[in-house]
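Worksheet for the structure shown next.
The values are calculated or read from the model by the stated rules, or taken from the named source; none is laboratory data. The model shown is predicted, which means the values in this text are computed figures rather than measured ones. Backbone-built Cβ (ideal geometry, glycine too); neighbour counts: all protein chains shown. Protein only, heavy atoms only, side chains kept; ligands, DNA and RNA dropped before computing areas. Shrake-Rupley method; radii C 1.70, N 1.55, O 1.52, S 1.80 Å.
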Amino acid sequence: MTYTLRKLFKAMLGSLRDLLPIFLVIVFFQFLVLQQALPDVGQLLVGVIFVVLGLTFFIHGLEQGLFPIGESMATAFARKGSLFWLLVFGFSLGFGTTVAEPALIAVAAEAANVAAAGMMIESTEAAKREYADGLRYTVALSVGLAIVIGVLRILKGWPLQWLIIGGYLLVVVMTIFAPEEIIGIAYDSGGVTTSTITVPLVTALGVGLASSIRGRNPMIDGFGLIALASLTPMIFVMAYGMLIA
């Protein structure tokens with residue numbers, strides 16, 4: 001119990017250190033540039049406390065739970081020697097974590113509201129929900145496919161740079177032909193997928209898999225899955241926009 005409390009206290013100090021630059025920026029612009037007092041100081045302090053506590057427990061949870069389970073499952077699948085189940089696990093992990101990603105849910109809902117306001121879709125709750133769900137599942141499908149490609153890259157030793165270069169060349173070409181309304185959403189989708197839930201589990205999968213395969217270096221081969229996971233949504237969302245346009 002003492003060890004756990006010590007780890008939590010250390011994580012809290014780290015959270016405070018990480019949030020300090022943000023706090024200093026807000027104070028500087030609020031008092032020196034805008035020259036205004038902070039509105040509702042009590043509520044802001046309560047909010048900061050919740051942010052610190054949330055970040056502390058989140059980081060501690062990653063270290064205690066998500067990273068170990070991701071690495072152990074990747075190692076177990078590699079030792080099992082079944083490529084099929086390893087790829088199924090990778091796809092399911094990418095799809096499941098992305099569907100549950102809070103940032104993607106928020107962006108998809110906002111995109112649906114904007115699409116309704118711009119008369120791209122009907123301004124009804126059903127139409128907006130269908131548009132948002134379609135966007136979410138498209139992104140989740142693309143991340144699942146990205147993890148499959150990333151796992152194959154680790155197993156086969158494919159150079160990461162060629163996959164990234166080829167992918168971004170495809171993004172540039174598709175940007176020319178995709179509807180203008182979907183391009184910004186597509187580019188943002190590549191960013192929101194690499195957030196709180198997806199990143200820890202996917203990173204743990206890559207590192208664990210590379211650590212368990214002879215001849216693979218976790219530093220060289222274990223990372224890079226996140227890059228693929230942020231690339232494929234741009235391609236799939238632009239393709240989604242072309243289909244529904």
Calculated on alpha-carbon atoms, Rg and Dmax of region 1-131 in Å: 21.9, 64
Indicate the helices, whole DSSP H runs only, in the chain that combine a mean Kyte-Doolittle hydropathy of 1.6 or more with a Cα extent along their long axis of 15 angstrom or more. 41-61, 83-99, 160-177, 225-244
Can you order the peptides 223-232, 99-108 by their average number of other Cβ atoms within 10 Å per residue, highest first? 223-232, 99-108
Rg/Rh for region 60-183, where both radii come from Cα atoms and Rh is the Kirkwood radius: 1.06
Excluding residue 198 itself, calculate the net charge of residues whose Cβ lies under 14 Å from the Cβ of residue 198, where each Lys or Arg counts +1 and each Asp or Glu counts -1. 0
Leaving ligands, DNA and RNA out of it, report the carbon-plus-sulfur percent of the accessible area of the chain at a 1.4 Å probe. 71 percent
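Shape call for the chain from the C-alpha gyration tensor, a ≥ b ≥ c root eigenvalues: rounded (a/c under 1.5), prolate (a/b greater than b/c) or oblate? If you can, show how the numbers build up before the last one.
On the way: a/c = 1.99, a/b = 1.08, b/c = 1.85.
Oblate, because a/c is 1.5 or more while a/b does not exceed b/c.
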Length-normalised contact order of region 206-245, Cα under 8 Å, at least 6 apart, in percent, tallies to 31 percent
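Could you give the Stokes-Einstein D for region 39-83 in µm² per second, using the C-alpha Kirkwood radius, 10 °C, 1.306 mPa s?
So the translational diffusion coefficient is about 121 µm²/s.
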